[in-house]
Structures are given as C-alpha cells and as structure tokens.
1. Carbon and sulfur: what percent of the chain's accessible surface (1.4 Å probe)?
2. Specify which labelled value, from (i) 1.33; (ii) 0.94; (iii) 1.19, agrees with Cα Rg over 2.2 N^0.38 Å derived from the coordinates of the model shown.
3. How big is the charge dipole of the chain about its Cα centre, in debye rounded to the nearest 20, if each Lys and Arg gets +1 on its Cβ and each Asp and Glu gets -1 on its Cβ?
4. What does the extension gain come out to for residue 158 and residue 106, with contour length at 0.36 nm per residue minus their alpha carbon separation?
5. With Cβ to Cβ distances under 12 Å as the rule, what net charge do the other residues near residue 47 carry (K, R +1; D, E -1)?
6. Could you tell me which residue out of 15, 161, 96 lies farthest along the dipole of the chain toward its positive end? Charges go on the beta carbon: Lys and Arg +1, Asp and Glu -1, centred on the Cα centre.
7. Looking at the chain as a GNM with Cα springs under 10 Å, which of 42, 205, 134 has the largest mean-square fluctuation?
8. So what are the ³J(HN,Hα) numbers for the range 88-100, from phi and the Karplus equation (6.51, -1.76, 1.60; θ = phi - 60°), rounded to whole Hz, Gly and Pro as x?
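The values are calculated or read from the model by the stated rules, or taken from the named source; none is laboratory data. The model shown is predicted, which means the values in this text are computed figures rather than measured ones. Every residue, glycine as well, gets a Cβ built from its backbone with ideal geometry; the counts of neighbours run over all protein chains shown. Quick note on the areas: whole protein, heavy atoms, side chains included, nothing else; ligands and nucleic acids left out. Shrake-Rupley method; radii C 1.70, N 1.55, O 1.52, S 1.80 Å.
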Amino acid sequence: MNEQLLYNTLKPYPQVITFSGHTHHPLDDPRTIFQRDFTSLATSSVRYIWPGAGYLQGELPPGYRDVSQGLLVEVYNRKVVVKRRDFHANKWTGEAWEINIPADAKKFHYTNERDLVKPIFLPSSTISVIQEKASSNQLYIQFTQAVDNLMVHSYRITVKNKETGEVVKTYNAFSQYYSDPVPDVLSLPLSGLQSHTAYQIEVAAVDAFDNQSDQKLIIEGSTK
C-alpha cells in the first residue's frame, strides 16, 4: 500500500483538496470532510451508501439503495465552497463546507477536535418495551431520538440482568441519520437473550465524534 507515501507527498501542501468515493460513507456524516495537513473529502456514492459495520441495522440498512449523493464544488478567489446534494430527494443536505484560500493548516476548522459537545435526550424523551414483539430470546425497545449540535450518529445499548446487575449484552445501533427523513422514534430488536429473564436496558446517545450523552434512557423488560 502506498497510502503513507501519498500522504507524505501531500503533507507540505495545505492548499491540497483530495476527493475519494471509495468508502461510500453518507455525506450527512460530518466526518466526510477532514483537515489535518490538507483537506480530504469523501464523495459518498450515487449507487448506495455504506454507513459502517457492527450495528443492529446491518452494513447495508433497509433503503440504502435509494440513497444517492454527491458534491457541488464552487471555487472563488478566497475560498472553495462544497455543497452536499441528495440526488434522491433533490435537495441539499447539511450546511455547505467552506475552505479558505490561501490555506493555513493552523487555521483548519474541520479537524477531529472540532466538536466536543455531547448529545442529549430532551426532558420529553421516552423509552418503552414493545411487549407484543417480545419472544423467548428477544426484546424490542422503542425510544425518542436524542439531539446534538451536529448529528446523533448512533446509540450504545447495554442490557443487564435485572437480578444480578451483570452486563449480558451490548449493542450499537445507527440513529438512521442516513434516512430521509430521519425518524423521531427508533424501534430496535435486542436478540440473543435468555428466556423468562428480567433485564434492565440502558440507552446512551453517541455523536459522530464519539461524544456520549451523560443521560441514559432506562427501561426494564422480560423475555417470554
């Protein structure tokens, strides 16, 4: 792999802007623009998106084939403006990115340190167990989505045995930020549980920069 060689070649030139479509990450994710020594942009895809692996919705969530995105780049004397377009919805998504000219790496805005704000659950947020969907090894939960200054990326779900307090399962679930519109309420299956057992379920919100909410939504439920 020549990744490091390419990076080292471009490193002395903060005015460089690279474009890559390989990852297929949704443009809704603020990490699709990144600045350190120069500017890197992901271009999403016109065919399908890939938000990541290891989440309850799977690597290719339902409806992913309907998502088609791209960038419109405008070059001016003192700045480059990059606009994110949802082709499938025929509208812009998120705010435009602005890259100043001449470039100065010390003044880059779109760094990994750009966001330290944690997502929060509003006082009106609720969580419940959908009893009619419960089985001997699975529970369904439903909860109100958290809010964030940029974007709630996902949720960390911890399942504890109610009697012993032992953590028996952990799950990650997308907020479905790539959906249009993003649902206000999520319904998620929690599989691989023991039958006839009472559990305590805790849900924490996580943004794109791994800031986790201080609050957690907590609910109890029992398998059949």
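1. Details: 6270 of 12560 Å².
Within the chain, the accessible surface is 50 percent carbon and sulfur.
2. After the calculation, the listed value that fits is (iii).
3. Numbers: 22 positive and 24 negative charges, 65 e Å.
My answer is approximately 320 debye.
4. Numbers: separation 52, 0.36 × 52 = 18.72 nm, distance 3.98 nm.
Full extension from residue 158 to residue 106 adds 14.7 nm.
5. On the way: positive: 65; negative: 66.
In short, 0.
6. 15
7. So, out of 42, 205, 134, the one fluctuating most is 134.
8. 5, 9, 6, 7, 7, 10, x, 7, 5, 8, 10, 10, 6
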